[in-house]
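Q: Got a structure for you, questions after.
The values are calculated or read from the model by the stated rules, or taken from the named source; none is laboratory data. The model shown is predicted, which means the values in this text are computed figures rather than measured ones. Here Cβ is always computed from backbone atoms with ideal geometry, including for glycine, and neighbour counts include all displayed protein chains. Heavy atoms of the whole protein, side chains included, go into the accessibility calculation; ligands, DNA and RNA do not. Shrake-Rupley method; radii C 1.70, N 1.55, O 1.52, S 1.80 Å.
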Amino acid sequence: MLEFKPLHDDFGARVTGVDLRPPLSDAVRLEIRDAIDEYSFLCFPNQSFDDDSHLAFTRAFGEPEPNHVKRGQTGEIHYFGTIGNVLDDGGTRGNADKRTKFQTGNNLWHSDSSFQATPSFISIMCAYEVPDVGGQTEFVSNRAAYRLLPEAMKATIDPLTVIHDYVYSRSKVAPDAVTPSHAASLPPVPQKLVRVNPRTGAKNYYLGSHAKNIVGWDDAPSRALLDDLQDRATQPDHVYSHDWEAGELVIWDNRCLLHRGSGYDADLYRRHMRQTRVQGAGSTLDE
Ligand SMILES: [Fe+2]
């Protein structure tokens, strides 16, 4: 019996009363699938996962998305991303490490994989070690934000297309954050600015740090509109800040949420989280 406790007026629920370890029953899987459309963010505390069960759980909701860093740098297909500073040998990377710095790109508001031709549907994170201080992830709903727009503004943005570009967004972090082969594997892609949930009809706008420009618009008004939309969505009273607990499994809907990391002291604390993503149905232009 799944119990849902809302986390914020706009979106999100903490879900108890279920052990998510595969195999999931069809009833539970369908209930979670509906809850993704309704709540956008689901946090399941006190779960017991490892990579094998995490990947099996991921497959229950669609096709896992290959990690773009690994694929772009080495051509390998690998489904996990590691968030935090814990190394395979159990040691840690500190604040001065280059990869710690590159991960600060995740501290910009973004939607995972919006720069891919087929962007991700959901991300699934398992938290194993969390810092005592800091390390929260903030989330906002671009569905709630869309609902609050004046009707004239909705009419303006509904037909627009936006270019999303990973090399552009990472250039804000460091000029050498993306290797040449990785950059070549991720050409800029067009995405609809306004997306419609195919099961509920709910609309939201779709942007974030990878959103570079509106197709057919000059740079200045394009940037101004994208920044204005993001500012509206990320006002403090619309932000849900998630304080991670070890043992949690969290699902978020990348189609309609933005998120950002808030940073932590990698010299003082260990942080270890593993993430998979489920691919979307195709290009947003075909939705
Ligand atoms: Fe992310």
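Q: Assess whether PHE121 counts as being closer than 30 Å to LEU268 by Cβ, within 16 Å of the ligand (Cβ to nearest atom) and either outside any strand (DSSP E or B) or under 14 Å from the mean Cα position of the chain (by Cα) (or both).
A: Numbers: closer than 30 Å to LEU268 by Cβ: no; within 16 Å of the ligand (Cβ to nearest atom): yes; either outside any strand (DSSP E or B) or under 14 Å from the mean Cα position of the chain (by Cα) (or both): yes.
Judged against the criteria, PHE121 is not a match.
Q: State whether the residues of the range 181-200 include one that is among the charged types (D, E, K, R), open to solvent by 60 Å² or more (accessible area, probe 1.4 Å), under 30 Å from SER53 (Cα atoms) and in a loop (DSSP other than H, G, I, E, B).
A: Taking every residue of the range 181-200 in turn, at least one turns out to be among the charged types (D, E, K, R), open to solvent by 60 Å² or more (accessible area, probe 1.4 Å), under 30 Å from SER53 (Cα atoms) and in a loop (DSSP other than H, G, I, E, B).
Q: Select from the range 153-172 the residues that are open to solvent by 50 Å² or more (accessible area, probe 1.4 Å), more than 17 Å from SER113 (Cβ to Cβ) and either in contact with a Gly (Cβ under 9 Å, 6 or more places away or on another chain) or not in a loop (DSSP other than H, G, I, E, B) (or both) and list them in ascending order.
A: ALA155, THR156, LYS172
Q: If the requirement is being charged (D, E, K, R) and at pLDDT below 95, which of these qualifies: ARG33, ARG71, ARG14?
A: Criteria check complete, one pass: ARG71.
Q: Same structure again: Within the range 220-234, restricting attention to residues that are within 16 Å of the ligand (Cβ to nearest atom) and crowded, with 19+ Cβ neighbours inside 10 Å, which residue is nearest to ASP19 (Cα to Cα)?
A: Selected residue: ALA233.
Q: Can you tell me which residue within the range 142-152, out of those that are closer than 23 Å to GLU287 by Cα and not aliphatic (A, V, I, L, M), is surrounded by the fewest Cβ atoms within 10 Å (Cβ to Cβ)?
A: Here the residue is GLU151.
Q: Among what's in the range 235-280 and is farther than 30 Å from GLU31 by Cβ and surrounded by 18 or more Cβ atoms within 10 Å (Cβ to Cβ), pick the residue that is farthest from the ligand (Cβ to nearest atom). Steps first, answer last, please.
A: Here is the first cut: in the range 235-280, the residues farther than 30 Å from GLU31 by Cβ are 235-236, 262-271.
Okay, now just the ones that are also surrounded by 18 or more Cβ atoms within 10 Å (Cβ to Cβ), so 264, 266, 271.
Working: TYR264: 15, ALA266: 17, ARG271: 14 Å.
The residue in question is ALA266.
Q: Tell me, please, whether a residue that is without any contact (Cβ under 8 Å) to a residue 24 or more places away in the chain and open to solvent by less than 40 Å² (accessible area, probe 1.4 Å) can be found in the range 29-47.
A: For the range 29-47, residues without any contact (Cβ under 8 Å) to a residue 24 or more places away in the chain and open to solvent by less than 40 Å² (accessible area, probe 1.4 Å): absent.
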